[in-house]
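Bear in mind these aren't lab numbers, they're just calculated from the coordinates by the rules spelled out. Treat the numbers as computed from the prediction; the structure is a model and nothing was measured. Positions of Cβ are generated from backbone atoms using ideal geometry, with glycine treated the same way; all protein chains shown enter the neighbour counts.
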Amino acid sequence: MEWKTLFAHRDPRRARRVLPALLAVSLLAGCAAATPQNRFDPYEAANRKVHAFNDVVDRAALQPLARGYRAVTPEPARAAVSNVFGNLEDVVSVVNHLLQGQFARASSDLMRVALNSTLGLGGLIDIATPAGLPSYKTGFGETLGRWGYQNSAYVVLPLLGPSTVRDTVGRAADIASNPRTYLLPEPADANVATGVNLLSQRANALELTDAADEAALDKYSFTRDAYLQYRRTRIGAADSPAMNDEPSIDALVPPEAPAK
Amino acid sequence: MKNLLGKLLICCAFVSFSLHAMAETPDELVRDTSRQVLDVLKRDNGKNTKNIRAEVEALVLPKFDFTRMTALAVGRGWRDATPDQQKQLTDQFRMLLVRTYSSTMTRFKNAQITVQASAPAADAREVTVRSEVELPANAGDKRSAQVDYTLIKTPTGWRVYNVSIEGASLVTIYRNNFNDILRQGGPDALIQSLKDKNDALSGGKHASN
């Protein structure tokens, strides 16, 4: 399990430096090899290598683990695990909604954390959602996007998967501001938490990735374009003119003559 | 006299009924179809049988404009394809979408679908209908997904030609990949790639069933 060796450093701050270093290496490799075809994916050559590596690790280790986790753990237990991590992420959301000027959502997230941490037994039970406080998770990557950093190059992170340069910076900030970092100062505990969170997220995404396996001609570009479109919508840039260099659909298929 | 009145009434009721069917608004179309599909999916203990798949396809497929959908996925390369190639592209792309959907559809049998009302202008040609899909059994992650349908008005009613989930369009995520294949081998290469994918999927299905 490669992620363990990645994170198995004595000093957690050092562990966090490993990813950016790996990233920098892959970026340089990408620059050297590039004949970029997609302007949102200038590092495609390197990204594809990381994607292939992730795919191998996923099939050999993460996916079987996630399916096993599903098979042996009852649904309520898995929900509780998800909820605990979700509750900690809500703290990150409070900060970022404030930074984005979304004060109503920030206060709603704050209420969520207060309710779920106390009556929800430390986040095990998500009582805030049925109580009418839906979760609007956000992070620093979205804050940067809302501040105007909208187009960012696509990057596939080792083990963590699709991201952009912007979202990688965001992820680092989210990890730093997640209460987990302070609640679990021991690297051994932090590694276990990281592993369990990764497993829980992988199990939650099984349907999605199974569908992508079936639907995609080229899983790499399918995943990339789904991710980029999703992120663009999240930062309110779905209709950015930068995306729409295609002819209008009416120019391709005249609407008056709907073909059979 | 009484008889004639009765006939007239029935006649009026029938006319207004068919007018209503003709004038089904986009959100009604999405709402009605979703409800009918969920009803079918719940039958047979939610099993994904051949009959269920056929019934869902009969409900869903007529509501889609696959030619427009394929043109949207292909993008500017659509113009370079001959009408015959366009038809083959449409057939293969439809098969891929149907296969992908029908192998995953029973997972959504317990979904709660809320379709937002939309009031397009009387002369509107296109409209986007928003809906929220909630999966109660989805472990942990209870956040609902936003599913948007883009419809176009045709002489026979509204037809869906784009679907996006959480802002990611199921149709245009194919475009960059399609363009790469078109650049290298033209429309015939794309038709072949889609065929190969569909063959692989049906081969895999036989193996797994």
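Computed quantities for the displayed model
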{"read-out": "Sum of side-chain charges, B:Leu29 neighbourhood, beta-carbon under 10 Å (Lys, Arg +1; Asp, Glu -1)", "value": "-1"}
{"read-out": "Check: the range A:76-139 dipole with +1 on Lys, Arg Cβ and -1 on Asp, Glu Cβ, in debye", "value": "60"}
{"read-out": "Burial ordering of A:Ser93, A:Ser163, fewest other beta-carbon atoms within 10 Å first", "value": "A:Ser163, A:Ser93"}
{"read-out": "Fraction of the pair-distance distribution of the range A:76-139 above 13 Å, Cα-Cα pairs, percent", "value": "55"}
{"read-out": "For the range B:65-209, convex hull of alpha carbons as volume per residue, Å³", "value": "150"}
{"read-out": "Dipole in debye (nearest 20) - the range B:65-171, about Cα centre, beta carbon charges: Lys, Arg +1; Asp, Glu -1", "value": "160"}
{"read-out": "Order of A:Asp109, B:Asp188 - criterion: other Cβ atoms within 10 Å of each residue's Cβ, fewest first", "value": "B:Asp188, A:Asp109"}
{"read-out": "Neighbour-count order for A:Tyr149, A:Tyr227, fewest beta carbons within 10 angstrom listed first", "value": "A:Tyr149, A:Tyr227"}
{"read-out": "Chymotrypsin sites (Phe, Trp or Tyr not before Pro) within the range B:155-197, DSSP loop, no more than 15 other Cβ atoms inside 10 Å", "value": "none"}
{"read-out": "Magnitude of the charge dipole, the range B:79-125, Cβ model with Lys/Arg +1 and Asp/Glu -1, debye to 20", "value": "240"}
